[in-house]
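The values are calculated or read from the model by the stated rules, or taken from the named source; none is laboratory data. Being a predicted model, the structure only gives us computed values, none of them experimental. Quick reminder, even Gly has a Cβ in these numbers, built from the backbone with ideal geometry, and neighbours come from all protein chains shown. Areas reflect the complete protein model, heavy atoms only, side chains present, ligands, DNA and RNA absent. Shrake-Rupley method; radii C 1.70, N 1.55, O 1.52, S 1.80 Å.
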Amino acid sequence: VQLQACGGGAVRAGGSLRLSCAPSGSRLSVNRMGWYRQAPGKQREMVALINRVGSADYLDSVKGRFTISGDLHANTIALEMINLKLEDTAVYYCNAEDIWRREYWGQGTEVTVSS
């Protein structure tokens, strides 16, 4: 199973982007899916997670600006990002944890926010 992420791009500060993630191949039985990001020179960090009952968790710095949604049965999630800031610049990765707690990663989609 591979996760395909798309929707990244270059935007000005204050702009918006929508990231999407979908699987190629067979579907996973997942506990949760989410988005992580890695900025240049920094460690990868969790941005937003959503579980099977629809509960979401967010990185503090994106609360109120990012919204995660999805259909975990179909292994598809999206991340709506508004009011983007310079510090949101990073490569964003789609992630899934299956019911055996194995993790799967997408290839990453780049988000660049400029002033």
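Given the criteria open to solvent by 20 Å² or more (accessible area, probe 1.4 Å) and under 15 Å from the mean Cα position of the chain (by Cα), does S115 qualify? Judged against the criteria, S115 is not a match.
Taking (1) open to solvent by 80 Å² or more (accessible area, probe 1.4 Å); (2) over 20 Å from C6 (Cβ atoms); (3) at pLDDT 95 or above in turn, L59 satisfies each apart from (1). The lone criterion from (1) surrounded by 13 or more Cβ atoms within 10 Å (Cβ to Cβ); (2) in contact with an Asp or Glu (Cβ under 8 Å, 6 or more places away or on another chain) left unmet by E103 is number (1). How many residues, within the range 23-40, are at pLDDT 95 or above and open to solvent by 30 Å² or more (accessible area, probe 1.4 Å)? So the answer is 4. Looking across the range 45-56, just one residue is under 17 Å from L86 (Cα atoms) and open to solvent by 40 Å² or more (accessible area, probe 1.4 Å), and that is E45. Applying a threshold of 6 Å to beta carbon distances and a minimum spacing of six or more residues, or different chains, the list of pairs starting in the range 87-99 at a residue that is under 13 Å from S61 (Cβ atoms) and ending at one that is charged (D, E, K, R) and open to solvent by less than 40 Å² (accessible area, probe 1.4 Å) reads A90/R37. Residues of the range 45-54 that are closer than 26 Å to H73 by Cβ and either part of a loop (DSSP other than H, G, I, E, B) or not β-branched (V, I, T) (or both): M46, A48, L49, N51, R52, V53, G54.
Taking the range 8-22 as the range and being of a type outside the set (S, T, N, Q) and surrounded by 12 or more Cβ atoms within 10 Å (Cβ to Cβ) as the test, the residues that pass are G8, G9, A10, V11, A13, G15, L17, R18, L19, C21, A22. As a summary of the residue check, V91 satisfies the conditions (1) assigned to a strand (DSSP E or B); (2) of a type in the set (A, V, I, L, M); (3) open to solvent by 50 Å² or more (accessible area, probe 1.4 Å) except for the one numbered (3). Just give me the residues in the range 70-88 being in contact with a helix residue (DSSP H, G or I) (Cβ under 8 Å, 6 or more places away or on another chain) and either assigned to a strand (DSSP E or B) or surrounded by 22 or more Cβ atoms within 10 Å (Cβ to Cβ) (or both), in sequence order. M81, D88 - these are the residues of the range 70-88 that are in contact with a helix residue (DSSP H, G or I) (Cβ under 8 Å, 6 or more places away or on another chain) and either assigned to a strand (DSSP E or B) or surrounded by 22 or more Cβ atoms within 10 Å (Cβ to Cβ) (or both). Flag: A5 does not match the condition of being part of a strand (DSSP E or B), in contact with a Ser or Thr (Cβ under 7 Å, 6 or more places away or on another chain) and loosely packed, with under 14 Cβ neighbours inside 10 Å.
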